[in-house]
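The values are calculated or read from the model by the stated rules, or taken from the named source; none is laboratory data. Every value quoted in this text rests on a predicted model; they were computed, and no experiment measured them. Here the Cβ is made from the backbone with ideal geometry for all residues, glycine too, and neighbour counts use every protein chain on show. To get the accessible areas, we keep the full protein, side chains included, count just its heavy atoms, and leave off ligands, DNA and RNA. Shrake-Rupley method; radii C 1.70, N 1.55, O 1.52, S 1.80 Å.
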Amino acid sequence: MDLSRIRLRVEEEEAQRLSPFAALARNSRGRERPEPEDDLRTCFQRDRDRIVHSKAFRRLKHKTQVFLAPEGDHYRTRLTHTVEVAQIARTIARALRLNEDLTEAVVLAHDLGHPPFGHAGEEALDQAMAPWGGFRHYEQSLRVVERLERRRRSDGTVEWGLNLTWEVRDGIGAHSKGKADLRPDDLGLPQTLEGQVARLADRIAYVHHDMDDAVRAGLLREEEIPKDVREVLGPTRGRWLDTLVRDVVTHSEDQPQVRMSGPVREALNRLKDFLFDRVYLNPQAKGEEPRAKRLLRMLFDYYVEHPEEVPEEYRELVERGEPLHRVVCDFLAGMTDRYAVRRAEVLFLPKSWTP
């Protein structure tokens with residue numbers, strides 16, 4: 001049996017079924033390093049699989065989403081956030097007849113560059129790296145897939161980077177809006193609609209689930225959510241996702257850009273601002289953040305002064321010409337919360353003396 005016919009059949013089905021605005025796998029701009037096509041999977045399916053099998057993806061399960069080391073099993077982590085974004089993004093992509101495989105690949109990789117301790121960790125590394133260009137998690141996510149992950153090829157050789165397609169890398173690099181409002185004339189959008197879906201789904205997911213976690217933690221009561229938001233999105237959190245997803249689909253179907261209606265977009269912006277005021281900047285929720293920032297800065301300064309203690313795979317980057325400060329930042333950004341704490345305990349806490 002000619003297995004390559006399976007991939008060709010899938011690519012043909014895409015061309016017949018998907019929207020004229022969708023990104024087709026067979027029309028991909030390709031990879032930085034050309035490689036033979038797979039017999040069974042399209043290029044976007046291969047990208048998704050490479051991301052899921054990466055070490056950086058597995059580490060997301062022990063990285064903070066909002067609350068540092070919460071007591072309880074039901075608070076989101078960076079990994080569960082990624083899964084929720086993927087669910088929302090795939091629902092929207094399927095409804096709009098866009099390429100679900102590309103959408104999913106972008107989403108699964110969009111937070112690979114997030115450091116430990118959530119946005120507190122990002123701020124700490126940005127301050128430490130200020131003389132050398134700063135630190136932004138979406139740029140680091142690209143760096144992870146392009147330069148830091150090491151992949152063993154089927155012939156046994158090892159290469160740096162996952163060698164993903166241009167479309168996936170474009171979606172990763174342009175996924176974040178940070179604290180900025182969503183606007184109808186957004187600049188810097190991903191060039192594929194699939195990347196734009198991933199970008200909107202990220203905002204929809206984190207506003208919804210961070211509110212859910214805040215209510216669970218006792219920081220908020222549902223009735224405190226601004227009345228104008230509830231009038232547009234629905235009276236309960238359970239209605240928000242349905243309202244937001246339906247609005248995106250309604251106003252993006254057969255359109256060259258993924259967008260929301262004005263009232264829903266403004267309600268989502270208002271909800272984001274409410275979260276920043278009551279949760280993200282809440283001293284009760286963020287009491288440990290100054291310590292987390294100091295911990296990361298201490299680790300950064302230590303490893304810059306002792307580069308020989310950086311793991312071998314990172315020392316290889318220095319030997320290949322990468323700046324030491326950037327490589328130390330790479331090492332720290334890849335840490336999970338608990339590994340960063342363990343390294344600090346080993347390096348900075350006194351040990352018991354044994355005669």
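What to note about this one:
- The length gained by stretching the chain between Arg94 and Glu316 to full extension, at 0.36 nm per residue less their Cα-Cα distance, is 75.7 nm.
- Here's the picture: a label point sits 7 Å out from the Cα of Arg297 along the beta-carbon direction, and within segment 121-141 the residues with their amide nitrogen under 14 Å of it are 121-131.
- Kirkwood radius, segment 1-160, all distinct C-alpha pairs, inverse of mean reciprocal distance: 17.6 Å.
- Accessible area of the chain belonging to carbon and sulfur atoms, whole % at 1.4 Å probe: 49 percent
- DSSP-loop trypsin sites (Lys or Arg not before Pro) across segment 170-232, with at most 12 other Cβ within 10 angstrom: Lys179, Arg221
- Alpha-carbon Rg with Dmax, taken over segment 118-223, Å: 17.4, 59
- Solvent-accessible area of Ser261 with every protein chain in place, 1.4 Å probe, in Å² to the nearest 10: 20 Å²
- Within segment 258-355, the GluC sites (Glu not before Pro) that combine a DSSP coil assignment with at most 15 other C-beta atoms in a 10 angstrom radius are Glu288.
- Shape class of segment 23-107 from the alpha-carbon gyration tensor: oblate, with a/c at 1.5 or above and b/c at least as large as a/b.
- Per-residue HN-Hα couplings for segment 322-332 [Karplus 6.51, -1.76, 1.60; θ = phi - 60°; Hz; x = Gly/Pro]: 6, x, 4, 4, 5, 5, 4, 4, 4, 4, 5
- 222 nm mean residue ellipticity, helices alone, for the chain (DSSP H n ≥ 4; -39,500 (n - 2.57); rounded to 500): -17000 deg cm²/dmol
- Sparsely packed trypsin sites (Lys or Arg not before Pro) within segment 259-355, loop by DSSP, other Cβ within 10 Å at most 12: Arg320, Lys351
- Computing FRET efficiency as 1/(1 + (r/R0)^6) for Glu223 and His74, where r is the C-beta to C-beta distance and R0 is 25 Å, gives about 0.70.
- Cα-based shape type of the chain, given that a ≥ b ≥ c are square roots of the gyration tensor eigenvalues and the cut on a/c is 1.5: oblate
- Between Trp166 and Arg26, the simple label model (points 7 Å from Cα in the Cβ direction) yields a spacing of 1.9 nm.
- Efficiency of FRET from Cβ geometry, Glu309 and Val215, R₀ 35 Å, rounded to 0.05: 0.25
- Summed over the residues of the chain and divided among them, the accessible surface reaches 48 Å² per residue at a probe radius of 1.4 Å.
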